[in-house]
Structure formats: C-alpha cells, structure tokens
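Working notes, structure below.
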Amino acid sequence: MALCGGVGAMALPSELIVHIFSFLSDRDKLRASAVCSRWRECLFYPALWTELKLRIGGGDTGGCNGSSSGSDETPKLEFLMRKFGSFVRELQLELAPVEGNLSPLSNDPSAGRMEQLPGGQEGDPQQLSERWRDAMVTYLDQVLCVFTTIRNNRNLQKLSLYGDTFILQQEGLLDSSNLHQIHQGDKKINEIQQLFMELLSNSRQLRWLSCSFMLGLVTPCSLACLSNPSAETLQHLSLLDHQLGPLISPSELDRLSNLHSLALDFSDFTPELCGLLASPRRAPLHRLSLLLNGAALEFKPLEGTAKEDDWKALVRVSANLRVYIMALEVDSSELLRVLKPSLPLERLHLDSYSTLVTDATLELISQQYNKTLTHFLLLRDGPGFPDLSVNRNEDPLVLLAWRCTQLVVLVIHGYTVWSHNLVAISRLRGSSLRILTVSEESIYFDPDQSRYVGGDPVHCLVKDVSLGLGRVWHPCLDSSVVLSEPTQHFHCELHAFSTGM
C-alpha cells in the first residue's frame, strides 16, 4: 500500500490503523498483526475486541470466529484471554476437549458405548479411560484459564459458555462427579466455582448469562453471588447441567425482575418458578427454552413440574411468550404429560435412539399447537424406520403440515416418509416452509404408485417437491447433517430463539 508523497503505511496514525482493523475478522486481525510490531500494538486496542467468539477443540464449527483443537491449543487460549479477558464485553466460548465421544470413567470397562477410532477399530477400554482423563484435565485447565482472566471484568455484558463434554449412555449420564476422579480434580473444581462466583459478584452490567453443560462450574449457590446491578440488567439466563438438583432457586429468580428469556431443565420448571414468572411486578417473559432429558426422569420426575393452571397464569401475564422444548429419549407417554394445552409451543425437537414417537403424539401436537408451532424436528438414530401412517387414513406428518399454518422448519430422520406424503407436505406449506430437510434413507416409494410414474422415481420426487416449495429441493444425503450432537444443537438453537432469530 502506498500513500501520496511516497509515505508508506507505517506513517498512518494508530487511530486510523485501528479503524481499518475494525473491518477485519478476528482471524484476519491476528494475521495482520504479524506484519510489524506497530501493527501488533494496534491489534490489542480494546475497541477492537468488544466481542470474542472462540471454539477450543472438536474441530471447526460455523458461527465461531476462532477454532482449534486439543490441549495443544491451551497456550493460545491463555494468550487471548490474557490480552482481552479483562475488558471484553461479549465472550462466547465453546470448549470441546476431544473429538468424538469418549466412554466415561467406570469400574466396568465395558460400560458405555465404545468409541470408533480411525480405521473402524474399537478403542481399548484402558486407552479410552486414559484419553478421557487427559481430556478432562485439559477441560479443567482451560476453564481455569478463562475465569482467572475475566473474574474482575466489570465491563462484561454477555457471557455464553458451552462445554461439549456431554455423553448420553444407556447406563446414565456423565456428570461433574466424574471430574473428582481426576488428579487434583477437587481442588481445580473448587477454584473454578469460586472464580465463577467472583465474576458474578464483580459484574456490574451483565445482560446475558448462559452456561450450558459446563461440568463442575455451576452450583445451586452460584446465582446468589450475582451483584445487585447485574440482577437488574440481566435479560437472559440459561443454566443447564446434569446435576440432580435445580440450579435456579425461587429466591434468586425473584431478584431477576427484568428477564426476557430463560432456559433451564424442564424438570426444574416447578409451579413455584412458574408462579414467580407470572407476577405482574416483573417484566413479561418472551422466550422460554426447556430441555427434557428422559435419562434423568428417574431422578427428577415430572410430578413436580408446572401444571396447566400454572401455564395459564403465566400466559395471561406474558401474552407474547413462546416456548422451545427439546426432548431427548422421552417416551410418548411422558410427552403427553408434558405438552399442556396452554403451553405456547413454538419450537419442538424430539430426538431419540430407542424410544418411539407415536402417531397419537403427533396428532396431539398438530391439534394443540396449530397456531403457534413454527419449528418441528423429529429425529431418531435407532434401527429401522417406523411408519407412523400405518392403520391411518391420513399420514400424521401431512396432517401436521396442514394444521400448523405457521410451520417454517420441518426436519425428519429415522421415520418412514412416503414420497407422495412428502409431496403433499410441500404443496400444503409451499414457499412458507423455509426449511424442509428429510434424510434420503427415510424416504420410501410406494411400489404400486411407481408403476404409473414414468422415469426415475427419485427424480420425479425432487421435481414435485421443488414445484411445491417454489424452489430447488433435494433430500439430505448425509444423515450426520441432521443428527448433530443434541446438547450443542440445543445450546445454539436457544441462543437464536432467545434473541428472536
């Protein structure tokens, strides 16, 4: 770059260099800082780093402007946090110590699912146990690094943390008790929890607080440390973990009178919490995200959750309230107890491996939420493809598309979707159905109908569905695209849902 009179870019004032840097992505800023020492000094100007988004480990993910992997990246995290942690205003961090799922520590080496190593070979249980320990040590060190640098940051307005350490097994859940088996695990956990409470106590203008599946971080006492100024400014709260006890007490929720959005475990949404949110003294609640985990229902039964009258009272005060529910491995009989008529359901994600959603459940959903449901995801990663239209005159998925006039997103995998029903869905909702994702292996063709259709039936299906939607459409060829890690999907989706996206 050359300037008038032959003066080089080095002569630019620092303020102008900082202004130019402000148009670059975080990755390009770091690259530009390698040009010279002066540009490197300009890189660390606080105005350039009001927002920091990072994913450490687990490979690249969309939406994050930094991604790295494994314990080798801990020094880079330490560098970034040391430079920016004390003044950054918005911090979004995803920690994934390892790629793929690891079996947790267990006295029974055969417990849990075996990880598939490269080449399709099953991992040795002892080797996996050692890898799990290494991954958890990395996780604890990285969390310590983050909170050591941000604990005194009074400018922090948004903190969003996600720990990609969730493992759902047939035997149960991986929870923070497993971290105590790590060398100095107890000491590190106590230090992390203390640093988190210091951060909450020192905060002055926190508007967004989200901690999802951060093992060993949040306790039932954490929220009590939130400063009074931040209790007044906080508009979004999300505390999700695998602990058996609730993380949000009624007394602490009562302090947060200006909450606009809330996310928590469905089993912790008690009549008392619902009653507090229905108080006319509070700001109306706009978004409520609830995670229902079937593996935890044995310890956290649904009997203690909000009843129909509680939902009615809440909706009277918060007329614009919309609810997002993800149900993991939940039986249809339990779902029927959860889906109250007065619940203003906008998004529903049913994800399972062994449990089945029945046609009666779909019938209830399409009738009760025909005016509010916009997103519906029906996913199953188990053997076979159950047909929900058996012994019915009309396919329940077609009826759902017909009745739910606000539907804009429909994702299906693991259940039989007949090709003619898929065409019917596309014609019923047309271009208003912005996303229609159906895995190729879920689509079945009626052999009798194919006799009267000339040409390739797949080609004809693609053509008919595309005409119905008013745009080019294709079935999803890679099922892994729709079968994302459920807790990560919930974390990302509740973020978009809570911000009205």
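The values are calculated or read from the model by the stated rules, or taken from the named source; none is laboratory data. Computed from a predicted model, the values in this text were never measured in an experiment. Please note: Cβ atoms are built from the backbone with ideal geometry, for glycine as well, and neighbour counts cover all protein chains shown. We work out accessible area using only protein heavy atoms, side chains counted, and drop any ligands, DNA or RNA first. Shrake-Rupley method; radii C 1.70, N 1.55, O 1.52, S 1.80 Å.
Couple of notes before you dig in:
- Computed packing ranks the peptides 365-373, 35-43 as 365-373, 35-43, most packed first, by mean other Cβ atoms within 10 Å.
- Cut-off 11 Å between beta-carbons: net charge of the residues surrounding Glu272, Lys and Arg +1, Asp and Glu -1: -3
- Cα gyration tensor, the stretch 277-377 - rounded (a/c under 1.5), prolate or oblate: prolate
- Links that overshoot a 25 Å alpha carbon limit, given the list Lys158/Lys187; Lys53/Lys187; Lys53/Lys76: Lys158/Lys187; Lys53/Lys187
- Backbone geometry of the stretch 380-385 corresponds, through the Karplus equation with coefficients 6.51, -1.76 and 1.60 at θ = phi - 60°, to 3J(HN,Hα) couplings of 8, 10, x, x, x, 10 Hz, x marking Gly and Pro.
- 16 Å Cα-Cα reach of Lys340 towards lysines, excluding residues that sit fewer than 8 places from it in its own chain: Lys307, Lys312, Lys371
- Using a probe radius of 1.4 angstrom, the carbon and sulfur fraction of the accessible surface of the stretch 379-485 is 53%.
- Our coupling estimate for the stretch 315-329, obtained by passing each phi through the Karplus curve with A = 6.51, B = -1.76, C = 1.60 and θ = phi - 60°, is 5, 4, 7, 10, 5, 9, 5, 10, 10, 10, 10, 10, 10, 9, 6 Hz, Gly and Pro reported as x.
- Heavy-atom accessible area per residue - the stretch 350-501, 1.4 Å, Å²: 46
- Spin-label pair Gln406-Ser431: with each label point 7 Å from Cα along the Cα-Cβ axis, the two points sit 2.2 nm from one another.
- When the square roots of the Cα gyration tensor eigenvalues are ordered a ≥ b ≥ c, the ratio a/c for the stretch 339-429 is 1.5 or more and a/b does not exceed b/c, which makes its shape oblate.
- Residue-wise HN-Hα coupling along the stretch 196-201, computed from phi with Karplus coefficients 6.51, -1.76, 1.60 (Hz; x: Gly, Pro): 5, 5, 5, 4, 4, 5
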